[in-house]
């Protein structure tokens, strides 16, 4: 992102921000509700274009939305809700992209799907429907789906993995399991990742670098080690959950 701005009418949701991600990096994007985190995810997913400034993904300037691109960048989004299709089996959900493309044989699709399910520690569930699985298992199926490579992508291409509040509403044990999966999924996919989260353990477990967003600006940017120690007032308020500090309730 270079001098990137997103405006909704007179409101600047993002105001001339700059950000560079390194290959293979795991980044956490934090900030209060309404600060613009979801806007950043929509930009990276190709669902939104900046009002001004530049957005480049894998070195290519993004001037069209994803739906209008003939060869969109490899970006994969894991939703807060698993977003599985209830009328399809787990195998069909995970392999949906490959089946829709129609370029691979059924046996090859099944092989790829089973490999992805095994990567997230799911066995013998391929023929089940989402409604037959627990919420945690459904979440893991959504991670397996994010591991599926499009058949037209190069084997060594690096995907950008986006995780939107992946541990919201989960108990501590389930949180730890999902946090482990985020790291593992990013490594298995040989990609880089952006995690949007309010959960302290998720931020510290999953990220190598943290970006704090508030007031349309990236107010702080540093390593996870620095995040634990910095006296930056925005980060301090976020860590403590205090009502006192530079971040106040945002209403749009």
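Computed per residue of the chain from DSSP H runs no shorter than four, each worth -39500 (n - 2.57), the mean residue ellipticity at 222 nm is -9500 deg cm²/dmol.
Against the longest alpha carbon principal axis of the chain, how many degrees, from 0 to 90 and to the nearest 10, is the axis of helix 135-147 turned? For 135-147 against the chain, the angle is about 90 degrees.
Indicate the gyration tensor shape class of the range 1-70 (rounded, prolate or oblate), computed on the Cα atoms with a ≥ b ≥ c the square roots of the eigenvalues: a/c under 1.5 is rounded; otherwise a/b larger than b/c is prolate and the rest oblate. It is oblate, given that a/c is not under 1.5 and a/b is not larger than b/c.
A Gaussian network model of the chain, with springs between Cα atoms under 10 Å, assigns the largest mean-square fluctuation among 197, 142, 223 to 223. Counting neighbouring beta carbons within 10 Å and listing from fewest to most, the residues 214, 64 come out as 64, 214. Within the range 85-152, all pairs of alpha-carbon atoms sorted by distance into 10 Å bins from zero give the percentages 23, 59, 17, 1.
Overall, the anisotropy analysis places the range 123-252 in the prolate class: the square-rooted eigenvalues a ≥ b ≥ c of its C-alpha gyration tensor yield a/c not less than 1.5, with a/b exceeding b/c. Just checking the listed ones, 119, 174, 35: in the Gaussian network model of the chain with Cα springs under 10 Å, the one fluctuating most is 174. By the count of other C-beta atoms within 10 Å, a proxy for reagent exposure, 26, 42 are ordered fewest to most as 42, 26. For the chain, take the longest principal axis of its alpha carbons; what is the angle in degrees between that and the long axis of helix 106-119, to the nearest 10 within 0 to 90? On a 0 to 90 degree scale, this one is about 50.
Read the figures in this text as sums done on the coordinates, not as results from a lab. Since the model is a prediction, treat every value here as computed from it, not as a measurement. In this analysis, Cβ positions are derived from the backbone assuming ideal geometry, glycine residues included, and neighbour counts consider all displayed protein chains.
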